[in-house]
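Data block below; observations after.
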Amino acid sequence: MAKLAGVSKTTVSRVLNDKPDVSHTTSDRIKRIIQDTGYTPNAFAKAINDKKTHTIGLVIPYTASYIFTSQYFSELLRGISSDVDERTYHLMLCYPKNGNCAEIFKEGRVDGFIVITPSLDQTRVLDELQAVDAPYIMTSKLPGYMENSVAYVDIDERGAARQVIEHLIGLGHRRISCVGETQSVSSQERVAEYRKCLEEQGIPYREEYARLSGDSTLPEGGYEMARDLMNLPEPPTAIFCCADMLAIGVYKALYTLGVRIPQDVSVVGFDDIFMCQYLNPPLTTVHQSAYDRGRMVAEKLINYLETGTFGEQTILDTYLQLRSSTDVLNDHRE
């Protein structure tokens, strides 16, 4: 390019990087040559020169099947990818079980990390990133782990769960079950608030009504737990599912047992994935935007990489999306 334009390589570089101290005439000539020749700058060479890769490591501390079969996580990843793409960055998928994320950073292959919903038994990954001063942000906070000094975007898990339980109690329910899964900190927070809310309302907490699946939030877990619950001597009249994917399994179990929703059992989910409105009956659920959360974590990390500041930790709004899987009248729920 420099030879064709009759200028130095430095001048061409300044035009490619939109530097202001090149005359309009020279700049226009170089840009015409670039256009006529179809020249594309070498992104790898530019990254070496800038000491930046413009690549973000997406840390997935779970199995691929756990993440990519969940509509909630699909929306989260869509939000992350959308913002990263718009900012002309790239994503690298990182699975801690198959490698050390800290080493990837030390090798200069990524500029920072987004950590997908870590759990308390995965703090090793976070400790390793801290040890090498790798910039990272989490898609949820980790209770008890540096909550005031680690960047994250989250929701008020306990406040959202409380809305669900108060709604069901307001409908007259007293035998309320809660189903979640053991891997998820979010599930653990929701179950803890479920118990607290019952006790505050003078409703005895019953261990047999609180179920946690050790496998995943896939429908199979909800199906098995719902069948167990309905076989109890006093089955619940309402089931709070800590994820909509669990609620789908609960629906199937209740249908196969001939249990009507909501006439016999009310069901509430969490996440408001798109298929909730198409279930029969449509599912009452806590609405949160996984897409918005994904976009925001990517935006915050890239802003940090470019400006050196994360800004404040962010708590996104939720609300209870009422549909016909819960009663509209107080009736025989004692």
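The values are calculated or read from the model by the stated rules, or taken from the named source; none is laboratory data. As the structure is a prediction and not an experimental result, all values here were calculated from the model. Here the Cβ is made from the backbone with ideal geometry for all residues, glycine too, and neighbour counts use every protein chain on show. Just so you know, the surface numbers come from the protein's heavy atoms only, side chains and all, with ligands and any DNA or RNA stripped out. Shrake-Rupley method; radii C 1.70, N 1.55, O 1.52, S 1.80 Å.
Taking the residues in segment 212-249 that are among the hydroxyl-bearing types (Ser, Thr, Tyr) and more than 23 Å from Gly172 (Cα to Cα) as candidates, determine which candidate is modelled with the highest pLDDT. If you could, list the steps in order and put the result at the bottom.
Pass one, segment 212-249, residues among the hydroxyl-bearing types (Ser, Thr, Tyr): 213, 216-217, 223, 237.
After this cut, where a residue has to be more than 23 Å from Gly172 (Cα to Cα) as well, the list is 213, 216-217, 223.
On the way: Ser213: 76, Ser216: 55, Thr217: 55, Tyr223: 94.
Across segment 212-249, the extreme among qualifying residues is Tyr223.
Conditions tested, residue by residue: (1) in a strand (DSSP E or B); (2) open to solvent by 10 Å² or more (accessible area, probe 1.4 Å); (3) farther than 18 Å from Asp83 by Cα; (4) touching a Leu at 6+ places or on another chain (Cβ under 6 Å).
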{"position": "Asp264", "(1), (2), (3), (4)": "no, yes, yes, no"}
{"position": "Cys276", "(1), (2), (3), (4)": "no, no, yes, yes"}
{"position": "Asn280", "(1), (2), (3), (4)": "no, yes, yes, no"}
{"position": "Glu299", "(1), (2), (3), (4)": "no, yes, no, no"}
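Those residues that are in a loop (DSSP other than H, G, I, E, B) and under 19 Å from the mean Cα position of the chain (by Cα), I need them from segment 73-117; list them, please. So that I can check it myself, show each step before the final result.
Just the residues of segment 73-117 that are in a loop (DSSP other than H, G, I, E, B), to begin with: 87-89, 95, 99-100, 107-111, 116-117.
Matches in segment 73-117: Tyr95, Ile116, Thr117.
Name the residues in segment 129-139 that are open to solvent by 40 Å² or more (accessible area, probe 1.4 Å) and closer than 24 Å to Arg293 by Cβ, would you?
Of everything in segment 129-139, just one residue is open to solvent by 40 Å² or more (accessible area, probe 1.4 Å) and closer than 24 Å to Arg293 by Cβ, namely Gln130.
What's the number of the condition Gly202 fails, among (1) within 30 Å of Phe73 (Cα to Cα); (2) without any contact (Cβ under 8 Å) to a residue 40 or more places away in the chain; (3) open to solvent by 40 Å² or more (accessible area, probe 1.4 Å)?
(1) is the only condition that Gly202 fails.
Among the residues of segment 86-98, is there at least one that is surrounded by fewer than 19 Cβ atoms within 10 Å (Cβ to Cβ) and in contact (Cβ under 8 Å) with a residue 60 or more places away in the chain?
Scanning segment 86-98 turns up at least one residue that is surrounded by fewer than 19 Cβ atoms within 10 Å (Cβ to Cβ) and in contact (Cβ under 8 Å) with a residue 60 or more places away in the chain.
Sort out which residues of segment 118-128 are in contact (Cβ under 8 Å) with a residue 40 or more places away in the chain and surrounded by fewer than 22 Cβ atoms within 10 Å (Cβ to Cβ), and write them in order of number.
Ser119, Leu120, Gln122, Val125
Being in a loop (DSSP other than H, G, I, E, B), on the phi < 0 side of the Ramachandran plot and at pLDDT 85 or above is the filter here, so list the residues in segment 6-42 that pass it. Working first, answer last.
Initial filter on segment 6-42 (in a loop (DSSP other than H, G, I, E, B)): 6-8, 17-23, 38-42.
Now narrow it down to the ones that are on the phi < 0 side of the Ramachandran plot: 7-8, 17, 19-23, 39-42.
The answer is Val7, Ser8, Ser23.
When you look at Lys52, is it within 23 Å of Gly308 (Cβ to Cβ), modelled with pLDDT of 80 or more and not in a helix (DSSP H, G or I), yes or no?
Working: within 23 Å of Gly308 (Cβ to Cβ): yes; modelled with pLDDT of 80 or more: yes; not in a helix (DSSP H, G or I): yes.
Yes; evaluated as a whole, the condition is true for this residue.
Does Ile315 count as closer than 20 Å to Gly180 by Cβ and aliphatic (A, V, I, L, M)? Full working, then the answer.
Details: closer than 20 Å to Gly180 by Cβ: no; aliphatic (A, V, I, L, M): yes.
Against the criterion (closer than 20 Å to Gly180 by Cβ and aliphatic (A, V, I, L, M)), Ile315 does not qualify.
If I ask for residues that are among the charged types (D, E, K, R) and surrounded by 24 or more Cβ atoms within 10 Å (Cβ to Cβ), which ones from segment 152-186 would you list?
Selection gives Glu157, Glu181.
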